[in-house]
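Participant: I'd like to ask you about the structure that follows.
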Amino acid sequence: MAEVLVVVEAAASGVKKVTLELLTLAREIGTPAAVVLGGPGAAEALTARLAEYGAEKIYAAESEEIDGYLVAPKATVVAELVKRVSPAAVLLASTQEGKEIAARLAIKLDNGVLTDAVGLDADGTATQVAFAGATIVKSKVTRGLPIVALRPNSLTPVPAPASPSVESLTVTATESDKLAKVVERVAEQKGARPELSEASVVVSGGRGVASADNFKLVEELADLLGGAVGASRAAVDSGFYPHQFQVGQTGKTVSPQLYIALGISGAIQHRAGMQTSKTIVAVNKDTEAPIFELADYGVVGDLNKVVPQAADEIRKRR
Amino acid sequence: MNIVVLVKQVPDSGAERSLRADDNTVDRGAASNVINEMDEYAIEEALKITEAHGGEVTVLTMGPAGASDSIRKALSMGPAKAVHIVDDALRGSCAVSTSKVIAAALGGLNADIILCGSESTDGRVQVLPHMLAERLGVAALTGARKLTVDGSTLTIERQTDEGYEVVTASTPAVVSVWDTINEPRYPSFKGIMAAKKKPVDTKSLADLGVDASEVGFAGATSTVLDHAQRPPRSAGQKVVDEGDGGVKLVEYLATEKFV
Ligand SMILES: Cc1cc2nc3c(=O)[nH]c(=O)nc-3n(C[C@H](O)[C@H](O)[C@H](O)COP(=O)(O)OP(=O)(O)OC[C@H]3O[C@@H](n4cnc5c(N)ncnc54)[C@H](O)[C@@H]3O)c2cc1C
Ligand SMILES: Cc1cc2nc3c(=O)[nH]c(=O)nc-3n(C[C@H](O)[C@H](O)[C@H](O)COP(=O)(O)OP(=O)(O)OC[C@H]3O[C@@H](n4cnc5c(N)ncnc54)[C@H](O)[C@@H]3O)c2cc1C
């Protein structure tokens, strides 16, 4: 069977969950082969996890240049690999960087690319969601091999232990790969919470939370549920919470098992980022708030009373 | 600084949007069409740069004839002129061929900076900036929440999940922006009147030297086989807090096995 290249995404905590989803999906199409793109030593820390989820092969492209320049050297490495091994497909995460690597790869190979997929059949037919999750699209790459970017939380990763061989790749970045230099990487604190787009529980606050300080209510509930914190645009614009946590049309798209909306009215642009969540719960003092139209469970009430009481109740049940 | 801003017309994200039943393309007739919101931030950033460093801003749009409304709106914010790529053969274009056409148009415009939104609100594919950079062999500084210009050196803060990255490049470069970068100005009355007289250069595929077979449905690298509306979510239970709303909420979470 031909290899299916899975472009690995990792964070400080290790392999991102979406990569494990990609490995799970890759097994349906061919032989999963993980491609690690990072600085020297990047692959070693990830190997065990990639093996646990079925990587039969690990390609390790490790060099200062990969870390030192934005995106372009990674695409060059993957393009070279595609030409050499003729994979059945290239799968990436539908994240900013995953889509950017896919973009360059498509041009280098004169190949089609599909983003925001939530599924992929063995025959290359992808399922995409469009327009705020309201439209489901079946699509296919018609030129070249399927280059498909999968949305985080599209499927449940299933372990399938393998014993991969590791092959290191030589990285030869071209001059035009080295035009955008990464000078510094700055981590902004989000504590020990899971990554927003990958979390299985997301608790979001809106304008109704009323202040940055009061977002501690949202954080507390999120922490009790092991979830990530999100925010509506109104909350972000009011300075209550940083932009990287915005959920919606111009923020992150999340698809957790549980989404809790606190003091969020449920504008169409907010729904765009969360309405494919499995279960939706809302707390809002306005019984007419549109968020209740899609909530599986809604509490009409003041979040300042309901949320602390819920937090206490969860603690009591421990 | 010679700046070209890419502006796409999209169906309003605040209204219902759909694909056409006949050819799976965006139903632009049914929707009210607006400037892709993120692109307004790119226009604002371009104007701020030329106000500080001199130079001229050009708007570049690929889209049907009706996109001229959005071009005038963009010009009313302050750019000097626009290029409108319009050609019936473009219908059904994928991102790969869209980037080919826009790259061809950029070839004649001599831009120091190509500014655009990070993504469009309809396709949301977020691929165009890197596709253009790849085709043109210029730098791509993408996902900017801050941009500083120092001579020919551009530096951005690129928003990431973990925080941000400081990335730098020399002009010419493609820079894509998020909506945290600035606050777009509203067009003034004077601006609206002036926009009516600003030059809009209309280009066909032939003008750009791109063959019709390379774009549109004919040249698409991917195809939509089918689409369907997802059934709308229905409202579930709703309780009014009578002093026990928090407890009830947790009871629900417990039945669903979240606690
Ligand atoms: C192009 C475009 C893109 C956009 N992108 C996004 C996006 O990515 N994400 C996004 O979220 N929005 C986005 N928006 C904005 C969107 O239209 C809404 O303005 C925004 O979602 C509103 O946020 P909100 O629900 O927090 O605020 P509001 O609409 O002001 O709602 C606040 C809610 O809190 C309730 N409330 C107040 N006090 C309390 C209390 N004490 N207890 C309980 N409930 C309380 C109120 O009843 C109300 O329902 C976008 C808009 C445009 C035009
Ligand atoms: C729901 C939907 C899903 C789609 N999925 C795919 C897909 O998976 N693969 C694929 O190849 N194509 C896809 N397309 C087609 C693709 O959206 C168009 O080809 C589009 O012109 C380029 O993509 P974008 O606007 O999403 O680009 P993005 O990369 O999201 O846009 C970034 C920026 O590029 C600029 N820009 C984009 N288009 C234009 C334009 N026409 N004129 C001027 N500036 C522009 C704007 O500044 C914009 O902010 C999809 C379209 C829709 C409606």
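The values are calculated or read from the model by the stated rules, or taken from the named source; none is laboratory data. Just so it is clear, the structure is predicted and the values come from calculations on it, not from any experiment. Quick reminder, even Gly has a Cβ in these numbers, built from the backbone with ideal geometry, and neighbours come from all protein chains shown. Surface areas here come from the heavy atoms of the whole protein model, side chains and all, with no ligands, DNA or RNA. Shrake-Rupley method; radii C 1.70, N 1.55, O 1.52, S 1.80 Å.
Participant: From the set of residues in the range A:127-140 that are near ligand 2 (Cβ under 8 Å from one of its atoms) and among the small types (Gly, Ala, Ser), which is most open to solvent (accessible area, probe 1.4 Å)? Don't jump to the end; show me each part of the working.
Facilitator: If we filter the range A:127-140 for residues that are near ligand 2 (Cβ under 8 Å from one of its atoms), which is where we start, we get A:128, A:130-131, A:135, A:137, A:139.
Filter once more, so that each one left must be among the small types (Gly, Ala, Ser): A:130, A:139.
Details: A:Ala130: 23, A:Ser139: 1 Å².
The qualifying residue most open to solvent (accessible area, probe 1.4 Å) is A:Ala130.
Participant: A further question follows. Looking at the range B:36-69, which of its residues are away from every other protein chain (no Cβ under 14 Å), within 16 Å of ligand 1 (Cβ to nearest atom) and under 12 Å from the mean Cα position of the chain (by Cα)?
Facilitator: If the condition is that a residue be away from every other protein chain (no Cβ under 14 Å), within 16 Å of ligand 1 (Cβ to nearest atom) and under 12 Å from the mean Cα position of the chain (by Cα), then B:Ile43 is the only one that fits.
Participant: Still on this structure, please answer the following. Answer yes or no as to whether A:Arg104 is surrounded by fewer than 19 Cβ atoms within 10 Å (Cβ to Cβ), modelled with pLDDT of 95 or more, under 16 Å from B:Cys94 (Cα atoms) and among the basic types (Lys, Arg).
Facilitator: no
Participant: Among the residues of the range B:146-168, are any open to solvent by less than 10 Å² (accessible area, probe 1.4 Å), of a type in the set (D, E, K, R) and on the phi < 0 side of the Ramachandran plot?
Facilitator: Checking the range B:146-168: at least one residue is open to solvent by less than 10 Å² (accessible area, probe 1.4 Å), of a type in the set (D, E, K, R) and on the phi < 0 side of the Ramachandran plot.
Participant: Report whether or not B:Ala103 is assigned to a loop (DSSP other than H, G, I, E, B), farther than 24 Å from B:Gly29 by Cα, among the aliphatic types (A, V, I, L, M) and away from ligand 1 (no atom under 16 Å from the Cβ).
Facilitator: Criteria not met by B:Ala103.
Participant: Scan B:Ala80, B:Ala95, B:Ala104 and give me the residue that is away from every other protein chain (no Cβ under 14 Å) and either open to solvent by less than 40 Å² (accessible area, probe 1.4 Å) or at negative phi (or both). Give the derivation first.
Facilitator: Working: B:Ala95 fails: away from every other protein chain (no Cβ under 14 Å); B:Ala104 fails: away from every other protein chain (no Cβ under 14 Å).
Result: B:Ala80 is the single residue among B:Ala80, B:Ala95, B:Ala104 that is away from every other protein chain (no Cβ under 14 Å) and either open to solvent by less than 40 Å² (accessible area, probe 1.4 Å) or at negative phi (or both).
Participant: With under 30 Å from A:Val148 (Cα atoms) and away from ligand 1 (no atom under 16 Å from the Cβ) as the only criterion, which of B:Asp201, B:Asp211 stands out?
Facilitator: Of B:Asp201, B:Asp211, the one residue that is under 30 Å from A:Val148 (Cα atoms) and away from ligand 1 (no atom under 16 Å from the Cβ) is B:Asp211.
Participant: Among helices (runs of 4 or more DSSP H) lying entirely in the range A:43-90, which contain 2 or more residues that are open to solvent by less than 30 Å² (accessible area, probe 1.4 Å), out of contact with any Phe, Trp or Tyr (no Cβ under 9 Å at 6 or more places or on another chain) and within 14 Å of chain B (Cβ to nearest Cβ)?
Facilitator: Passing ranges, in order: A:64-68, A:72-85.
Participant: Give the residues of the range B:217-259 that are of a type in the set (Asp, Glu), at the interface with chain A (Cβ under 7 Å from one of its Cβ atoms) and assigned to a loop (DSSP other than H, G, I, E, B), sorted by residue number.
Facilitator: Listed by number, the residues that qualify are B:Asp241, B:Glu256.
Participant: Are there any pairs with C-beta distances below 7 angstrom linking a residue in the range B:125-138 that is more than 7 Å from every other protein chain (Cβ to nearest Cβ) to a residue that is polar (S, T, N, Q), with the two at least 6 apart or on different chains, and if so which?
Facilitator: Note: pairs meeting the criteria are B:Leu128/B:Thr98; B:Leu128/B:Ser99; B:Pro129/B:Thr142; B:Pro129/B:Ser176; B:Leu132/B:Ser99.
Participant: Related question: Where residues in the range B:167-191 are farther than 21 Å from A:Gly239 by Cβ and in contact with a Lys or Arg (Cβ under 8 Å, 6 or more places away or on another chain), which of them is farthest from the other protein chains (Cβ to nearest Cβ)?
Facilitator: B:Pro187
Participant: Only one residue in A:Ser265, A:Ser238 is within 8 Å of ligand 1 (Cβ to nearest atom), among the small types (Gly, Ala, Ser) and more than 10 Å from every other protein chain (Cβ to nearest Cβ), so which one is that?
Facilitator: Answer to the check: A:Ser265.
Participant: Which condition breaks for B:Ala89 when tested against (1) in a helix (DSSP H, G or I); (2) surrounded by 21 or more Cβ atoms within 10 Å (Cβ to Cβ); (3) more than 14 Å from chain A (Cβ to nearest Cβ)?
Facilitator: Unmet for B:Ala89, out of (1) in a helix (DSSP H, G or I); (2) surrounded by 21 or more Cβ atoms within 10 Å (Cβ to Cβ); (3) more than 14 Å from chain A (Cβ to nearest Cβ): (2).
Participant: Go over the candidates B:Asp201, B:Asp207 one by one and state the one that is more than 30 Å from A:Ser277 (Cβ to Cβ), more than 7 Å from chain A (Cβ to nearest Cβ) and either free of Cβ contacts under 8 Å to residues at least 60 places away in the same chain or in contact with a Pro (Cβ under 9 Å, 6 or more places away or on another chain) (or both).
Facilitator: Among B:Asp201, B:Asp207, only B:Asp207 is more than 30 Å from A:Ser277 (Cβ to Cβ), more than 7 Å from chain A (Cβ to nearest Cβ) and either free of Cβ contacts under 8 Å to residues at least 60 places away in the same chain or in contact with a Pro (Cβ under 9 Å, 6 or more places away or on another chain) (or both).
Participant: Let me ask something else about it. Looking only at residues in the range A:146-176 that are open to solvent by 90 Å² or more (accessible area, probe 1.4 Å) and in a loop (DSSP other than H, G, I, E, B), which one is nearest to A:Lys278 (Cα to Cα)?
Facilitator: The qualifying residue nearest to A:Lys278 (Cα to Cα) is A:Thr156.
Participant: Continuing with this model, one more query. B:Arg72 passes all but one of (1) touching a residue at least 24 places away in the same chain (Cβ under 8 Å); (2) touching a strand residue (DSSP E or B) at 6+ places or on another chain (Cβ under 7 Å); (3) open to solvent by 20 Å² or more (accessible area, probe 1.4 Å); which number fails?
Facilitator: (2)
Participant: Then there's this: Please work out which one of (1) among the small types (Gly, Ala, Ser); (2) within 11 Å of chain B (Cβ to nearest Cβ); (3) touching a Leu at 6+ places or on another chain (Cβ under 7 Å) is the condition A:Ala103 fails and give its number.
Facilitator: (3)
For every residue, the table says whether it meets (1) over 28 Å from A:Pro157 (Cβ atoms); (2) touching a strand residue (DSSP E or B) at 6+ places or on another chain (Cβ under 8 Å); (3) not hydrophobic (A, V, I, L, M, F, W, C).
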| residue | (1), (2), (3) |
| --- | --- |
| A:Val209 | yes, yes, no |
| A:Arg233 | yes, yes, yes |
| A:Leu262 | yes, yes, no |
| A:Ile280 | no, yes, no |
| A:Thr287 | yes, yes, yes |
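Participant: Only one of A:Gln309, A:Gln244, A:Gln269 is open to solvent by 30 Å² or more (accessible area, probe 1.4 Å) and at pLDDT below 95; which?
Facilitator: Values: A:Gln309 fails: at pLDDT below 95; A:Gln244 fails: open to solvent by 30 Å² or more (accessible area, probe 1.4 Å).
That would be A:Gln269, the only listed residue that is open to solvent by 30 Å² or more (accessible area, probe 1.4 Å) and at pLDDT below 95.
Yes or no, residue by residue, for (1) charged (D, E, K, R); (2) farther than 29 Å from B:Thr223 by Cα; (3) in a helix (DSSP H, G or I); (4) within 16 Å of ligand 1 (Cβ to nearest atom):
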| position | (1), (2), (3), (4) |
| --- | --- |
| B:Thr121 | no, no, no, yes |
| B:Gln126 | no, no, no, yes |
| B:Pro129 | no, no, yes, no |
| B:Ala144 | no, yes, no, no |
